[in-house]
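Reading through the structure tokens given below for one structure.
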Amino acid sequence: MKKTIFSGIQPSGRLNVGNYIGAISQWVEMQKEYDCIFSVVDYHAITVKQDPEELRKRIIEVTKIYLAAGIDPKKSIIFQQSAVPAHTELAWIFNCYGAYIADLNKMTQFKDKAGKDREAVSVGLYDYPVLMAADILMYDTDIVPVGEDQKQHVELARDIARRFNNEFGNIFKVPEAVVRQEGARIMSLLEPTKKMSKSDANQNNCVGLLDDIEIAKKKIMRAVTDTEANIAYDPIKRPGISNLLTIYSVISNKPISDLVKDYQGKGYGDFKKDLAEVVAKFLSDFQKKYNSFSDQEVMVILESGRKKVEKMANGKMEKVRRAIGVR
Ligand code: AQP
């Protein structure tokens, strides 16, 4: 039997090359070998304030990005999380069985996102990892391909599955996170010690997948490097240039060591100019595919995905409801 993959992205901003490299590009490869389920996790997006009209647009936009990247709806299931209410139901049950306050207090993403205002953010932002556990565990997922930042949340899903199974019998599969070796954490262009994030208030930190090509090139040219003169890979001491090398390597499919050799004796100016061209070509091909999908097509794909996962989710929920004694 083929293994099951589950992953998702929240429509909380404009998707960037970090999301593509860390998550979506892995998914595309995995479709060849596994049964894949990819969700547009819109109930995660509302853990921070969203404009309803923007959110509606972003749900379609993220789905088109999956399609443009090469997720094939004939091979893989694509669905919208909120269309399957079993996800929030299971999250509630995990809130009561399996997830502890002590777990959520450790979550670094919550600490980063809540900042100093911890008491004033939504309960949803705090509870986000529990909903994510419900998403993953619902479908007997074996593997969760994510970027580095989501590893801790997948660990929690594993703990919840084990705890629930200990109490109620073998109901959930314990999944594993898969993080790519190179590109698991693409950094911000202007502050390369911080992760590139789609909801970053300063969009000059990110190369958006739907950015205007000329603007994207300018963002690369302005990216922070350092005061050294040579092109070298050292993420700790030289995070800026190392991040650009990673982006270059993944997009052009050339090993970092080859790129470093190619740029011996050349400066940042030459390197960035070439990278800007590589990124421009990538974005232009990507956007052509993106624009070939209509909103109508997307709605049909999401609806067909909903029908497929709903059956699985309902089956799992019946077992869970019986196990905890509400049926
Ligand atoms: N900088 C990154 N490098 C590599 N992978 C990344 N991912 C996100 N940023 C990077 C991966 O993309 C997927 C998106 O997951 P998400 O939408 O649930 O949110 P996130 O992890 O919180 O990503 P963002 O872009 O930072 O969104 P916002 O700003 O809304 O919080 C995940 O697989 C993630 O690891």
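Conditions (1) at pLDDT 95 or above; (2) more than 26 Å from Ile9 (Cβ to Cβ); (3) β-branched (Val, Ile, Thr), marked per residue:
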position	(1), (2), (3)
Leu190	yes, no, no
Val207	yes, no, yes
Ile215	yes, no, yes
Ile220	yes, no, yes
Ser252	yes, no, no
Gly267	no, yes, no
Asp270	yes, yes, no
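Conditions (1) touching an Asp or Glu at 6+ places or on another chain (Cβ under 7 Å); (2) farther than 20 Å from Gln181 by Cβ, marked per residue:
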residue	(1), (2)
Lys218	no, yes
Thr225	no, yes
Asp234	no, no
Ile241	yes, no
Asn253	no, no
Asp258	no, no
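Every residue, every condition in (1) touching a residue at least 60 places away in the same chain (Cβ under 8 Å); (2) more than 25 Å from Glu310 (Cβ to Cβ), yes or no:
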| site | (1), (2) |
| --- | --- |
| Gly8 | yes, no |
| Ser25 | yes, yes |
| Gln31 | no, no |
| Tyr66 | no, no |
| Lys74 | no, no |
| Ser82 | no, no |
| Tyr100 | no, yes |
| Leu104 | no, yes |
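Residues of the range 110-141 that are open to solvent by less than 30 Å² (accessible area, probe 1.4 Å), closer than 30 Å to Lys2 by Cα and not aliphatic (A, V, I, L, M): Tyr128, Pro129, Asp135, Tyr139, Thr141.
Note on the range 135-148: residues that are within 14 Å of the ligand (Cβ to nearest atom) and assigned to a helix (DSSP H, G or I) total 3.
Checked against (1) open to solvent by less than 30 Å² (accessible area, probe 1.4 Å); (2) closer than 21 Å to Ile24 by Cα, Leu259 passes all but a single condition, namely (2). Within the range 102-113, the presence of a residue that is part of a loop (DSSP other than H, G, I, E, B) and closer than 21 Å to Lys319 by Cβ is excluded.
Listed here are the residues, each with its yes/no results for (1) in a helix (DSSP H, G or I); (2) under 19 Å from Ile60 (Cβ atoms).
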| site | (1), (2) |
| --- | --- |
| Ile241 | yes, no |
| Thr246 | yes, no |
| Val250 | yes, no |
| Val260 | yes, no |
| Gly265 | no, no |
| Glu277 | yes, no |
| Lys288 | yes, yes |
| Glu303 | yes, yes |
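The requirement of being more than 27 Å from Arg180 (Cα to Cα) and among the small types (Gly, Ala, Ser) is not satisfied by Gly8. Among the residues making up the range 198-212, those that are in contact (Cβ under 8 Å) with a residue 60 or more places away in the chain and either more than 10 Å from the ligand (Cβ to nearest atom) or open to solvent by 30 Å² or more (accessible area, probe 1.4 Å) (or both) are Ser199, Gln203, Val207, Gly208, Leu209, Leu210, Asp211.
Per the conditions (1) part of a loop (DSSP other than H, G, I, E, B); (2) over 22 Å from the mean Cα position of the chain (by Cα); (3) surrounded by 20 or more Cβ atoms within 10 Å (Cβ to Cβ), the sole criterion not satisfied by Lys217 is (1).
The values are calculated or read from the model by the stated rules, or taken from the named source; none is laboratory data. Being a predicted model, the structure only gives us computed values, none of them experimental. Here the Cβ is made from the backbone with ideal geometry for all residues, glycine too, and neighbour counts use every protein chain on show. In case anyone asks, the SASA skips ligands and DNA or RNA and just uses the protein heavy atoms, side chains included. Shrake-Rupley method; radii C 1.70, N 1.55, O 1.52, S 1.80 Å.
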